[in-house]
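The values are calculated or read from the model by the stated rules, or taken from the named source; none is laboratory data. Given the structure is predicted, the values throughout are model-derived calculations rather than measurements. All Cβ positions, even for glycine, are placed from backbone atoms using ideal geometry, and neighbour counts span all protein chains on display.
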């Protein structure tokens with residue numbers, strides 16, 4: 001009888017600790033996801049602000065001229081390259097956040113449009129080592145189906 005009481009005392013001591021660890025983990029995970037989603041929304045807003053401030057970064061005529069002369073060091077060309085880097089870093093973060101789930105990503109941001117508009121930039125040889133292989137494969141397959 002004494003052993004049963006001792007075992008019960010140990011369970012009563014350990015059980016609340018285990019429960020509190022699970023609850024803490026659950027709350028932390030929820031808060032982390034909310035913070036990460038908020039950060040993605042802020043980055044999306046920044047991307048839209050850049051579009052408003054420098055509309056040529058999404059202008060197909062400008063992009064076509066840039067594609068013909070990628071090595072130009074003029075201000076608009078450098079700004080476009082920086083914009084593309086920011087945009088694809090954002091898309092990588094979104095892809096990772098949504099675990100590369102195409103429908104969830106599309107409900108958050110029009111990834112297809114960004115990829116189509118700037119595919120020449122992301123397919124430059126210099127970009128191949130800049131992003132994880134999984135991300136490159138995902139964006140290359142993104143427009144299929």
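For the reader, a short list of remarks on this structure follows.
- Cβ-Cβ contacts under 6 Å between residues 6 or more apart (or on different chains), taken from a first residue in region 58-78 that is under 20 Å from residue 112 (Cα atoms) to a second residue that is in a helix (DSSP H, G or I), are listed as 58/51; 62/56; 67/120.
- Top-ranked residue of region 99-145 - restricted to ones that are without any contact (Cβ under 8 Å) to a residue 24 or more places away in the chain and on the phi > 0 side of the Ramachandran plot, ranked as farthest from the chain's Cα centre (by Cα): 145
- Selected residue [surrounded by 14 or more Cβ atoms within 10 Å (Cβ to Cβ), closer than 22 Å to residue 57 by Cα and at pLDDT below 90] from 81, 127, 92, 117: 127
- Meets criteria (outside any helix (DSSP H, G or I) and out of contact with any helix residue (DSSP H, G or I) (no Cβ under 7 Å at 6 or more places or on another chain)) for residue 99: yes
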